[in-house]
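Enquirer: Mind looking over this structure? Questions follow.
Read-outs: derived from the displayed coordinates by stated rules, not from any lab. The structure presented is a predicted model; accordingly, all values stated were derived computationally and were not measured. All Cβ positions, even for glycine, are placed from backbone atoms using ideal geometry, and neighbour counts span all protein chains on display.
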């Protein structure tokens, strides 16, 4: 029994090393005194200082965050309503439509990117607009929506069908039923979808590359363009900061959830005690 | 859950706000600039915005060919682009550039005369040089001995220590130059000979690389490879063993120059930007940041560098006389390049 246990421990440790070693190397070299990615030559905070002076990196970070936040929020709203629509459809309609919804998820990014770019360029020539922040945002919303639908659907299947009728029996209008009964019940699915959509947007390079036009550039595009002259350690620095922010957010979310969970257990115990 | 959600949103909004605080207020329109990645001191952009009130939308690319395909794809409107010599002649051939109004670019008089009337823009109508430099061999003499010829890159005794450019134009140029031909050759037998040479070289190479060459030469993982003079200085700071030479057969001298695209929406702003970047103070700051050589003739005397750096950044006239710059090749030859490169790498 103990032997099996240590084996499992070693396996888990190796998994964590495999997952986190690259990030640790990245963080360590963000403090390296020179530009080298292989030789350690002393501790410095210069790259962090330079990072905040680099207007190009800062503006592309801003573009990335702005487009990801807006796109994932809009996609969450559209995706949730689409999922509710799918849920209320007859099955012989729902299945093929859900299959179509899955295509963009499994489709190669490059195909999505090129086809969106062709669409925008030809529509732009007709209607007189150019590729820019708007087209970038539309592209992001369009590839974010399927992820929201995919994470909201299971929550809807778990929903008690009677809930909807009960709410309407008790005098809710259709809109109130959705807003006050359905949405709160499927909220965890929406939040999940939102977070997945957000990470997908931050990650994306290929689709952004084809749809961003001449005035905006996301962080991944900036990094890609550095490859002739070597990627600057400023990129390590900004990645470290982003990683730290995500880590802190995760810790906060988990601590809060644990606290809420404890409070609920306490409440239940107290209720039982009074009975 | 609602609360955690709002915490996340607040945090993200704060970051957005925070990252935006560098932006300055600008009122005199915009200029869309498309340049190589890591190829500008970004303080200059801020300085330009503050001085002129023109907002700079700055975007970057990683190769001439990538920039070309983005321009061809359409739907974009760049004003200033900064391609290399041979790409400029291609863009001129395809009527994609706008002639410059040099009345708006008084700093053009500061450009070194040897960089004017170049083969890619013989009448000086479309371009203002931005940076220039040479390609040479970077090597570690303790491993491969002294080097003065391209032959070292094809020598079996250096097997496993050699790096080579990972793009067809530069790789072929080296092979052609080693064989004693022009790097702009269109002659089929010469091209075939060069291709055969590269094919023989492939088994003794450690690899075809671009920016990985920095780490490989700095750490001693490889000992010899061709790259840009300005980038040699960066590598030398890490690994002082490394030496640089422009081979006796001659090499490539490149010029990256600023051009305005045909039908640019902000031509006046574009010319203001070009003029600004050509100024002595700005061009010097840029040269110090990038490590490549400024085309501004005042910079050579003013720039604060040691003799060693100077010898790499400003090669003597005799060396330069042996160097060639790339010109645009006919479509037939470009197709040959593509075909042979695919064959070579597969």
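Enquirer: Do you know the relative contact order of the range B:168-289, to the nearest whole percent, from alpha carbon pairs under 8 angstrom that are 6+ apart?
Expert: 17
Enquirer: What does the C-alpha gyration tensor say about the overall shape of the range A:31-274? Classify as rounded when a/c is under 1.5, otherwise prolate if a/b is larger than b/c, or oblate.
Expert: Judged from the Cα gyration tensor, the range A:31-274 comes out oblate (a/c at least 1.5, b/c at or above a/b).
Enquirer: Let me ask you something else. Name the residues of the range B:272-299 whose amide N is less than 14 Å from a point 7 angstrom out from the Cα of residue A:44 along the C-beta direction?
Expert: Taking a point 7 Å out along Cα→Cβ of residue A:44, the residues of the range B:272-299 whose backbone N falls under 14 Å are B:289.
Enquirer: Here is a further query. Helix B:280-290: angle to the longest alpha-carbon principal axis of chain B, degrees 0 to 90, nearest 10?
Expert: Tilt relative to chain B: about 60 degrees.
Enquirer: Another question about this same structure. Indicate the gyration tensor shape class of the range A:6-100 (rounded, prolate or oblate), computed on the Cα atoms with a ≥ b ≥ c the square roots of the eigenvalues: a/c under 1.5 is rounded; otherwise a/b larger than b/c is prolate and the rest oblate.
Expert: Verdict is oblate for the range A:6-100.
Enquirer: 222 nm [θ] for chain B, helices only, -39500 (n - 2.57) per DSSP H run of 4+, per residue, to 500?
Expert: -13000 deg cm²/dmol
Enquirer: Once the Cβ-Cβ distance between residue B:281 and residue A:129 is put in as r, and R0 is 45 Å, what FRET efficiency do you end up with, to the nearest 0.05?
Expert: The pair residue B:281/residue A:129 has a calculated efficiency of 0.70.
Enquirer: I've got another one for you. In nanometres, what is the gap between the two model label sites at residue A:254 and residue B:301, each 7 Å from Cα along Cα-to-Cβ?
Expert: Placing both labels 7 Å along Cα→Cβ, they lie 6.5 nm apart.
Enquirer: On full extension of the chain, what length is gained from residue B:142 through residue B:93, given 0.36 nm per residue of separation minus the C-alpha to C-alpha distance?
Expert: 13.0 nm
Enquirer: While we're here: Please give the helix B:267-278 orientation as an angle from the longest Cα principal axis of chain B, in degrees from 0 to 90, rounded to the nearest 10.
Expert: For helix B:267-278, the angle is close to 60 degrees.
Enquirer: Next question, about the same structure. Taking 0.36 nm per intervening residue step and subtracting the Cα-Cα distance, what contour gain separates residue A:52 from residue A:88 on full extension?
Expert: Additional length available on full extension: 7.9 nm.
Enquirer: When B:236, A:261 are ordered from fewest to most other Cβ atoms inside 10 Å of their Cβ, what list results?
Expert: Taking fewest neighbouring Cβ atoms as first place, the list is A:261, B:236.
Enquirer: Another question, if that's okay. Against the longest principal axis of chain B, how steep is helix B:64-73, in degrees 0 to 90 to the nearest 10, with axes from Cα atoms?
Expert: 50
Enquirer: Also: Quick check: Cα centre of the range B:227-257 to Cα centre of the range A:198-274, how many Å?
Expert: 40
Enquirer: Between rounded, prolate and oblate, where does the range A:172-275 land on the alpha carbon gyration tensor, with a ≥ b ≥ c its root eigenvalues, rounded for a/c under 1.5, else prolate if a/b exceeds b/c?
Expert: The shape class here is oblate.
Enquirer: Normalised by the residues of chain B, what does the relative contact order come to in percent, with Cα pairs under 8 Å and at least six apart?
Expert: RCO, chain B: 26 percent.
Enquirer: Residue B:309 to residue B:151: extension gain in nm, 0.36 nm per residue of separation minus the Cα-Cα distance?
Expert: That works out to 54.3 nm of additional length.
Enquirer: Between residue A:78 and residue B:101, what is the label-point separation in nm under the 7 Å Cα-to-beta-carbon projection?
Expert: Going from the residue B:101 label point to the residue A:78 one covers 4.3 nm.
Enquirer: Sort B:281, B:51 so that the residue with the fewest other Cβ atoms within 10 Å of its own Cβ comes first and the one with the most comes last.
Expert: B:51, B:281
Enquirer: Over chain A, calculate the relative contact order: mean separation of alpha carbon pairs under 8 Å at least 6 apart, over the residue count, as a percent.
Expert: Contact order relative to length: 29 percent.
Enquirer: Can you pull the semi-axes for the protein assembly as shown, root of five times each eigenvalue of the Cα gyration tensor, sorted largest first, whole Å?
Expert: That gives 52, 30, 25 Å for the three semi-axes.
Enquirer: What is the spin-label model distance, in nm, from residue A:261 to residue B:72 if the labels are put 7 Å beyond Cα along the C-beta direction?
Expert: Roughly 5.7 nm, to one decimal.
Enquirer: How much of the DSSP bridge set in the protein assembly as shown is antiparallel, in percent, rounded to the nearest 5?
Expert: Antiparallel bridges make up about 60 percent of those DSSP assigns within the protein assembly as shown.
Enquirer: Per DSSP H run of n ≥ 4, the term is -39500 (n - 2.57); total these for chain A, divide by its residue number, and report the mean residue ellipticity at 222 nm rounded to 500 deg cm²/dmol.
Expert: Calculated at 222 nm, the ellipticity per residue is -27000 deg cm²/dmol.
Enquirer: What ranking do A:23, B:305, B:92, A:145 get, fewest neighbouring Cβ atoms within 10 angstrom at the top?
Expert: Result, fewest neighbours first: A:23, B:305, B:92, A:145.
Enquirer: For the range A:9-42 and the range B:133-148, write down the distance between their C-alpha centroids in whole Å.
Expert: First find each Cα centre; the distance between them is then 32 Å.
Enquirer: Now a separate question. In whole angstrom, note down how far apart the Cα centers of the range A:139-196 and the range B:278-346 are.
Expert: One Cα centre to the other: 60 Å.
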